[in-house]
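A.B. asks: Submitted below is the structure of interest, expressed as C-alpha cells.
Read-outs: derived from the displayed coordinates by stated rules, not from any lab. Remember, it's a predicted structure, so these values are computed and weren't measured experimentally. No Cβ is skipped: glycine too gets one built from the backbone with ideal geometry, and neighbour counts run over all protein chains shown.
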Amino acid sequence: MDTTGREAAYPAARPRRLRRGPALRRLVAETRVLPENLVLPLFVKEGIDEPVAISSMPGQFQHTRDSLRRAAHEAAEAGVGGVILFGIPAHKDERGSAADDPHGIVQEALRDLSKDVGDALVVMADLCLCEYTSHGHCGPLEADGHVDNDLTLERYASIAAAQAEAGAAVVAPSGMMDGQVAAIRAGLDRAGFAQVPILAYAAKYASSFYGPFREAAEGAPQFGDRSGYQQDPANAREALREVALDVAEGADMVMVKPGLAYLDIIAKVAEASPVPVSAYQVSGEYAMIEAAAERGWIDRERAILETLTSYRRAGAEQVLTYWATEAARLLR
Ligand code: PBG
C-alpha cells in the first residue's frame, strides 16, 4: 500500500518523465527541422503583369519576374536554404525549345535571383521539359507516342548548360529518363560548369499527388500519363536501383518524391545513399493539408511542422516544401 492507499504496482519504466514540459521535450528531441533544411519551389511565368494565384494551392502563385524576386527575398530573409525554379514559357512546341533558350523565362529568372539572393541561399533550377512541350511530356516523342529517351538526353544536356550559364547553382533533373544524370554531367562539364552540382530526382514515382502542380506549372500531359518513365508506387527495390545508377552517373544529391506516402523509401534511400538525400513534399500534400485546415478539420501549423519533422526523421537532409518560408519563420 502506498500513502494514497493504492496497491503499489509501480511501472519500472516511465517514458512520460521525459515528456513533462516543453523544455525537457526540446532537450531530448532526436529530430530537428532547421530553416536551412528547407527548399522553396517557385513558379515563374512568362508574359504576365501580375502574379496569378494557383487555385489548387492556396497561397502559391505563378510569379512575374518581379514578384518572384520578392518571394525569393522573403525566403532568404527567413533563412530558407534554397529555392528551386520552375518556368512556364509563353510558347510551347514539340521539343520544348524555350527550355534552353538563353532568354527563356527560367534563364532570365535565374539571372535575377542569382544576383539578388545567390549569396544567401542556393538557387536551383528544376530541369525538365514537361512545362515546355506542347504535349506536356518530359521529352520529345517517338512516332508511337513514347518519350524518346536518348533524344531527350541531348535536350537535357543543353538545358543544363543554359541554366548553369544563367547562374543556376544546382540543376535538378526531374524527367526520370535513363542516363539523364550522366548526360547532364557531360553537358555541364563540356560547357565549363564542372563545379555545378546535380540534384537528381532519383526515385520519382508516378503519383496522384502531383495533381495541383500540373495547374501550377501548366505541364499536364495532353494524352496518356507518366507511368512509362516515372516509378510504380508498388516498388521499393527499384528506388534503390535508380539511386545507385544516379550516384554512379555523378549525382551529387538524390531526391525521393513524393514524400509522405513514401517515407519508407526515404528511409531506405537515406540508409543506402553515399550522397545527401532530399525529399519533395509535393503539391498534393500541400493541397490536402490546406484544404483540411480551411475546413477547420486539422491544425494547419501543427500539421506543417509535423510532416516536415517526419521527413527529417525518415532521413531526408533537405525538404522541398511550398511552406518553406512560412515554416522557417515558425521555426525561428
Ligand atoms: C515535372 C515535375 C512534376 C513535379 C515536379 N517536377 C510533375 C510531374 O512529374 O508530373 C511535381 C511537383 C509537385 O507536385 O509539387 N517534371
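A.B. asks: State which residue pairs qualify: first residue farther than 12 Å from L260 by Cβ and inside segment 283-300, second residue β-branched (V, I, T) and more than 15 Å from the ligand (Cβ to nearest atom) in any location, beta carbons under 7 Å apart, and separation of 6 or more residues or different chains.
C.D. replies: Going by the 7 Å Cβ cut-off, the qualifying pairs are A292/I298.
A.B. asks: If Y262 meets every condition in (1) more than 27 Å from F43 (Cβ to Cβ); (2) within 16 Å of the ligand (Cβ to nearest atom) apart from one, which number is that one?
C.D. replies: The single condition Y262 does not satisfy is (1).
A.B. asks: Also, I was wondering about something else. Under 21 Å from the mean Cα position of the chain (by Cα) and not in a helix (DSSP H, G or I): is that true of L129 in this structure?
C.D. replies: Yes; evaluated as a whole, the condition is true for this residue.
A.B. asks: Now, a different point. Would you check which residues across segment 9-40 are over 35 Å from the mean Cα position of the chain (by Cα) and surrounded by fewer than 10 Cβ atoms within 10 Å (Cβ to Cβ) and list them?
C.D. replies: A9, Y10, P11, A12, A13, P15, R16, R17 - these are the residues of segment 9-40 that are over 35 Å from the mean Cα position of the chain (by Cα) and surrounded by fewer than 10 Cβ atoms within 10 Å (Cβ to Cβ).
A.B. asks: Let me ask something additional. Sort out which residues of segment 190-208 are within 13 Å of the ligand (Cβ to nearest atom) and among the aromatic types (F, W, Y), and write them in order of number.
C.D. replies: Matches in segment 190-208: Y201, Y205.
Let's see how each residue does on (1) in contact with a Pro (Cβ under 9 Å, 6 or more places away or on another chain); (2) at positive phi; (3) among the acidic types (D, E):
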| position | (1), (2), (3) |
| --- | --- |
| S278 | no, no, no |
| S283 | yes, no, no |
| M288 | no, no, no |
| A292 | no, no, no |
| R295 | no, no, no |
| D299 | no, no, yes |
| E306 | no, no, yes |
| Y311 | no, no, no |
| A314 | no, no, no |
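A.B. asks: Tell me which residues, restricted to segment 172-196, are assigned to a helix (DSSP H, G or I) and in contact with a Phe, Trp or Tyr (Cβ under 9 Å, 6 or more places away or on another chain).
C.D. replies: Those that are assigned to a helix (DSSP H, G or I) and in contact with a Phe, Trp or Tyr (Cβ under 9 Å, 6 or more places away or on another chain): Q180, A183, I184, G187.
A.B. asks: Kindly evaluate G175 against the criterion of being within 21 Å of E242 (Cβ to Cβ) and either surrounded by fewer than 22 Cβ atoms within 10 Å (Cβ to Cβ) or within 13 Å of the ligand (Cβ to nearest atom) (or both).
C.D. replies: Against the criterion (within 21 Å of E242 (Cβ to Cβ) and either surrounded by fewer than 22 Cβ atoms within 10 Å (Cβ to Cβ) or within 13 Å of the ligand (Cβ to nearest atom) (or both)), G175 qualifies.
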